[in-house]
Amino acid sequence: MKNLLVIGLFLLAMTSCEEHKQQYFAESDETKTLEAGIAAYEDGDWATWRGHFADTAKIYVNSKEPVTLDARVNELKAMTGAFSSYGFDKEKDHMEMVIDKNDETWVYYWATHNGSMTNGTNLSIPVHLAVQFVDGKITKEHIYFDGTEMNAAISAMQAEAAKESESTE
């Protein structure tokens, strides 16, 4: 009986010691790719930024409906054109890669996007990215931020430009 108990404890110990696959990573090829994409965004290097995405990538900007890669590049060009400087606060950002229960690879990024608009308005907006990778390329990107302040500032700039245009006619 004593031997049976020892064998049972031995088997229990052996089965409970199975290795668990690592699921969380502070650094990986995917986090480096996202960092390079963020740097390309901050430099306005749209060809390099685009190169990190699969051609069929779906990008969701505060929406359940995706936009195409071409549409997103055009949106980013228009948005960044309203800024004299912009970028993410690297001192307080956070990035991690996760392999989820479905064996999908996601990189999550939290940071504050700071910018000075061409009319002198300064903005500071918290941003969250959830980015899915397949074979080293971004296949899905979910972007979440509150654009209320930025949209109001852009609207004010457009109204001011329209007012100036009317006065010169």
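The values are calculated or read from the model by the stated rules, or taken from the named source; none is laboratory data. Since this is a predicted model, take the numbers as computed values, not measurements. Quick reminder, even Gly has a Cβ in these numbers, built from the backbone with ideal geometry, and neighbours come from all protein chains shown. Side chains included, ligands, DNA and RNA excluded: accessible areas come from the protein's heavy atoms. Shrake-Rupley method; radii C 1.70, N 1.55, O 1.52, S 1.80 Å.
Brief remarks follow.
- Among the residues of the range 48-65, those identified as closer than 17 Å to residue 137 by Cβ, free of Cβ contacts under 8 Å to residues at least 60 places away in the same chain and not aromatic (Phe, Trp, Tyr) are 48, 50, 51, 55.
- For the range 124-142, the criterion of a residue being in a loop (DSSP other than H, G, I, E, B) and more than 17 Å from residue 54 (Cα to Cα) is satisfied by no position.
- Checked against the criteria, residue 157 does not count as open to solvent by less than 20 Å² (accessible area, probe 1.4 Å), at pLDDT below 95 and in a helix (DSSP H, G or I).
- Residues that are over 18 Å from residue 143 (Cα atoms) number at least 2 in the following strands (runs of 3 or more DSSP E) confined to the range 71-118: 83-88, 105-117.
- Taking each residue of the range 120-136 that is over 17 Å from residue 34 (Cα atoms) and looking for partners that are part of a strand (DSSP E or B) and of a type in the set (A, V, I, L, M) with beta-carbon atoms closer than 7 Å, six or more apart or interchain, yields 123/117.
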